[in-house]
1. Using Cα pairs under 8 angstrom and six or more residues apart, how large is the relative contact order of the range 391-449, in percent?
2. In degrees, nearest 10, range 0 to 90: what is the angle between the Cα axis of helix 362-374 and the longest Cα principal axis of the chain?
3. I want to verify the translational diffusion coefficient of the range 391-449 in µm²/s; compute it with Stokes-Einstein, Rh as the Kirkwood radius over Cα pairs, at 10 °C and 1.306 mPa s.
4. Determine the shape class of the range 313-454: with a ≥ b ≥ c the square roots of the Cα gyration tensor eigenvalues, call it rounded for a/c under 1.5, and otherwise prolate if a/b is greater than b/c, oblate otherwise.
5. What FRET efficiency comes out for A109 versus E344 if R0 is 35 angstrom and r is the Cβ-Cβ distance? Round to the nearest 0.05.
6. What full-extension length gain, to one decimal in nm, is calculated for K79 and V577 as 0.36 nm per residue of separation minus the Cα-Cα distance?
7. Roughly how many nanometres apart are two label points built 7 Å out from the Cα toward the Cβ at Y593 and Q216?
8. Tell me what the chain gives for mean residue ellipticity at 222 nm when only DSSP H runs of n ≥ 4 count, each as -39,500 (n - 2.57), the sum divided by the residue total, rounded to 500 deg cm²/dmol.
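Bear in mind that the values in this text are calculations on the coordinates, not laboratory data. The structure presented is a predicted model; accordingly, all values stated were derived computationally and were not measured. Positions of Cβ are backbone-derived with ideal geometry, glycine not excepted, and every protein chain shown enters the neighbour counts.
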Amino acid sequence: MQTKIGKLAVNQTSKPLHRVVEDKFISLLRTCGTCVRLHQIQAQIVTHGLEGNDYVTPSFITACARLGGIRRARRVFDKTAQPNGATWNAMFRGYAQANCHLDVVVLFARMHRAGASPNCFTFPMVVKSCATANAAKEGEEVHCVVAKRGFKSNTFVGCALIHMYSLRGGVFVADAYKVFAEMRDKNVFAWTAIVAAHVACRDMVSARRLFDLAPQRDVVLWNVVVSGYIELGDMVAARELFDRMPDRDVMSWNTVLSGYATNGEVESFVKLFEEMPVRNVYSWNGLIGGYVRNGLFKEALECFKRMLVLVEGEGKEGSDGVVVPNDYTVVAVLTACSRLGDLEMGKWVHVYAESIGYKGNLFVGNALIDMYAKCGVIEKALDVFDGLDVKDIITWNTIINGLAMHGHVADALSLFERMKRAGERPDGVTFVGILSACTHMGLVRNGLLHFQSMVDDYSIVPQIEHYGCMVDLLGRAGLIDKAVDIVRKMPMEPDAVIWAALLGACRMYKNVEMAELALQRLIELEPNNPGNFVMVSNIYKDLGRSQDVARLKVAMRDTGFRKVPGCSVIGCNDSMVEFYSLDERHPETDSIYRALQGLTILLRSHGYVPNLVDVAHAN
């Protein structure tokens, strides 16, 4: 490398030798792609006496940060005797890119004490870091420095300040507007920033007024206001503004599409999708995700198959180009598979995801674990879990809850300990899985200890889901009085799930008094659910109280509602089929019932006796 630099210096005699060498190092640092190569370049920088050089040092710090060596960048920065503005900015930028926003704030304080001069590139980075780190006091201090240094009217600095104040809530939007008013050159970026500030505070009246006053409006500004109406659920206003847009890009269409999906307007988002002149992967994600969000899982899978036809046909449908699914697409489709219990489709999507480069992808991996667990193949879920090099809290929670759901209590508790050893801090969802696992095995003492640990060791405030698990745990163990005590001491009103868990325990242990109390509360919360009457009726029947059984039958009939029959879903021949009790809608009903009769005979020949007690009074 040293020989190459020497030859280059000879060939470029029009520049001073030191500038030629500096330019060469800067070029090498910009194209450097590995830490090993960076180390080699650093050795040559030291050899040429350019350590701490005002031109080379900023590029070296930038290269370190880009390659993930932010600590190394800081060591080089600290060795620089008098960093110039570019060196300070390189360090600020490196910290910001590494999401070390508090370090940016602290470093700026050091810069201010050192008497160094920040410029128009410094302030936007520092202000954005103050906003991201929620450093409100420091943000105001930076604003004062901005004013003293004469940058109040700078557009980029002003936009950053407006964004910072908007993140602090509606009270501070007035400060954002004051910054906007002090800007001499109010270009389209400044107008977009102040409109977005009011949108963030859900003040659409002011946002629309400012939008109407803006002398220039680009597609971003239009999209900001449309998104604001969507956030408030006002799709009429959003669509009216969308229809007025002079230049709509694909993102504009996608914004309205997602708005319709979020607000449950299925027909509208499907119609809009078909009207789109151009679609990208986010358009397809909006449609597939919209179906999933609204519980239309079969339609989501059909849409995905249609998308794949486009990929295979190289975009010959309409004006769409080749649209390859991304990780969001795969996650949405896997969610649909898990909700339908469509294991075969889920397996196919797994193979397809790996074929397009998503093997080991964290988001796809989490969705695969969830899909396999909910489809009953917990072993495959564990395989996916073990195959992930990087795991986040969602990964751990998904596998722990999946193991608990399948009754693999020892494995769930063991994985919980492994999670803590790995340095991952449990959250509320983790403890729902752990408490559910304890409930499955009747581990009352363990459940109580984990509940207490959640509060004492992790400062997690128990939510209604945690109380529900404890009520279920104690109730199943026959400790109904303790379960009732928890219900009475809860800081929030118990919901129908908790009362139903208590009612189920009363059914198991024939506790009529508490069952009647639970039924009374359930009637208040779920007046249209006759299943609660059935549960208490069965208790009365077991105790021989036929008059009470008859009374509840009349009460259930007076509600005007019938118990919803159970529904089973099975995947067959690339489609999902639903079956209800005594269902005769399927074209091959006779064959199905013959097969069912054969299975029943086979089961009974092996000693199986169906339990019809709980359904005796369902009708």
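1. 41
2. Helix 362-374 sits roughly 0 degrees off the main axis of the chain.
3. D, rounded to a whole number, is 144 µm²/s.
4. Cα axes put the range 313-454 in the prolate bin.
5. 0.05
6. Full extension of this stretch gives 172.3 nm more.
7. About 7.5 nm, to one decimal.
8. -21500 deg cm²/dmol
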